1. Over all directions, average the projected area of the Cα convex hull of the range 262-328 and note it in nm².
2. For the chain, find the longest principal axis of its Cα atoms and tell me its angle to the long axis of helix 85-98, 0 to 90°, nearest 10.
3. Over 20 Å between C-alpha atoms is what I'm after, so list which of 583/670; 100/608; 228/344; 196/344 land there.
4. What accessible area, in Å² to the nearest ten, does a 1.4 Å probe give for residue 353?
5. If you fit an axis through the alpha-carbon atoms of helix 199-210 and take the longest principal axis of the Cα set of the chain, what angle between them do you get, 0 to 90°, nearest 10?
6. Per residue, how big is the convex hull around the C-alpha atoms of the range 293-395? Give it to me in cubic angstrom, could you?
7. How big is D for the range 73-173, in µm² s⁻¹ as a whole number, if Stokes-Einstein is applied with the Kirkwood radius of its Cα pairs at 4 °C and 1.567 mPa s?
8. For the range 561-632, what is the per residue volume of the convex hull drawn over the alpha-carbon atoms, in cubic angstrom?
Amino acid sequence: MKLSPSSFFPITTSTFKPTRIATPSSFHRLMASQSTSSFGGPPTVNKTAHDFDKQAFDGLMIKRFFFAPAFEIYGGVAGLYDYGPPGSSLQANVLAEWRKHFIIEEDMLELDTTIMTLSDVLITSGHVAKFADWMCKDVKTAEIFRADHLVEGVLEARLKGDKEARGIAAAPVVEMTDAEKKKNKNKKKVASTAVKLEDEMVKEIEFVLAQIDNYNGKELGELIRRFKIVNPDTQNEVTEPEEFNLMFGSSIGPTGQVKGYLRPETAQGHFVNFARLLDFNNGRVPFASAQIGRSFRNEISPRQGLLRVREFTMAEIEHFVDPEDKNHVRFNEVKDVKLMLLPKDVQQEGRTELKEMTVGDAVAQGIIDNQTLGYFIARIHLFLTAIGIDPTRLRFRQHMANEMAHYAADCWDAEIQSSYGWIECVGCADRSAYDLTVHANKTKQRLAVQQTLAEPIVVTKLTPAWDKKVVGVALKREAGVVTKFVDELSEEELKDLKEKLEGPNASASVTVNGTVYELLPTYLTIALKTTKNSIREFTPNVIEPSFGIGRILYSLLEHSFWAREADAARGVLSLPASIAPFKCLIVPISNNADLMKISHEISLRMRKAGVACRVDDSSASIGKRYSRNDELGTPFGATVDFATVKNGTITLRERDTTQQRIGPIDEVIKVISDLKNGTINWEQACEILPVYSGEQEV
């Protein structure tokens, strides 16, 4: 049923008699005086008046239940977290924006594949053999560390201690209480001690930290011995690094004979369904499939809250492209997007200076391998900044040789800086044709594209012609292996083999899998053969952007957090309206029953308009109610007062500036909806709604 203004506001002044309605409340006068500059424009907001307070931020996350340790009343389990109402809504809204930005705008094919994955799939992909991190243990207590994190944490602490000894560090070292020590026990950061290092040692440590991701297990062990790294809590020595597979194993069915794993990524679901996806796309490439879902990794020593967990949400894209044409049809739309890049050659020199350049220049100079990879890197940048990531704390780091998969052509990580340092949040890799090739070889299924050529290709080349009966008798069960090997020889190798078979001795030998086989002229002839091909068959390459949603959410929350200049205890989350858990707080000015009723009716109207809102009709002051919703990131507030009854107006407050405008209820709801949808910004809203002067209640 559509509500008319009269049915929505049935109360009249003849039936409703407030005690005081002639003058505005002191709160409204105060807010009106603070909400505009002397020229009537938006006030200046200083979000950097106070340094980032990690303790206050962590307290807010728990207090407002954005997230909390899972099974907390049972003592919790490291690496597992539950999202509360605001955290769940924030994640859902970010994923909705991700779907719009990528799946809808890029016309991608969306999948939802199973979490439980057959072991054969992950054996073929290489995860069972290679999906591992390096761990080491305290030799006495058996406490476990991820080796690269231990080295990184200890060396960073030594650099910090060197700066303190040189008088560079501004913050004094504060002794932690027992409770704080217990709370920080599982954190990666290591307490520093003010000890001055030799200049050469400082340079050496900086070099190591610049390429910490480039070391294998043996090299990490050498670093542990070289820098005499021990357990920072016990001072005990640690063992040599050893590999630990990160997948959760399980079994499928009651017999336990069918082995499976909880998937460590969503990507394999795309590859095993490639033939169906290609058919759905009418046999054409390029095209992309996308999937949002849960993945699992049995982290060695999960720390850093949402940044390193054992169960997490991923959003992954697999863009299938012709290996001979990696240009992108929409590349010109993003070629001028500026990126902060950390190329591999800079890291390998032990430096971390960033290069600012457009994605077009990076591709043209060969820093980024191809247009399609560059296109997605730019689109990742645009998405992250659109949802509120600070662009000055966003960089793209190129993988170095030792950390890049052997099959990858190029790989870049979108890293976001937080209180934990630079954290990988998105990976964007050119995986070549590896995945489809290994699955096709294992299953003997065709995972390739057949492309009809506009002009047939005429090819003349040396081609072996076998006498299968003779070869079968001579080589028996090995005949197939040998003929396949010879058929795949290069033109030059076939030419050499042809000369030997036509020579005076008329024989040749080939070595296949370590076994030598003698070939005779009666087995085969090698001659030039001309073929006309109207069909080109190829295995697509894959460009894969992979998003860790929990890491993005955590970084976003840190980047959005600040404190009011006049009161450091008043925390604010400046979340964009499009992703904020709640868009509007409805605040009745008093607990009068009629105002309460109107507030809830306005709430119903807003929610039907698609605006997520909350009514706060508690006994707290209006200022307190607004303040605690600033902590939730709620961008707008609507005050319901006695003017709502008489004039049908409500006052709209903007979170960051605390600026207030006023207007008819329907118009204000429309403005909030447009702000939420991004069709207007706050400055445009101020052109629609007049400023609230404090004298407009009645």
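The values are calculated or read from the model by the stated rules, or taken from the named source; none is laboratory data. The structure displayed is predicted, hence computed values, not measured ones. Cβ: placed from backbone, ideal geometry, glycine included. Neighbour counts: every protein chain shown. For the accessible areas, the whole protein counts, side chains as well, though only heavy atoms, and no ligand, DNA or RNA atoms are used. Shrake-Rupley method; radii C 1.70, N 1.55, O 1.52, S 1.80 Å.
1. On the way: hull surface 24.5 nm².
Answer in nm², one decimal: 6.1.
2. Helix 85-98 sits at roughly 50 degrees to that axis.
3. 100/608; 228/344; 196/344
4. Surface open to solvent at residue 353 totals about 100 Å².
5. Once rounded, the angle reads 80 degrees.
6. Once divided by residue count, the hull of the range 293-395 is 166 Å³.
7. Working: Rh = 19.7 Å.
Answer from the Stokes-Einstein relation: 66 µm²/s.
8. Measuring per residue, one finds 78 Å³ for the Cα hull of the range 561-632.
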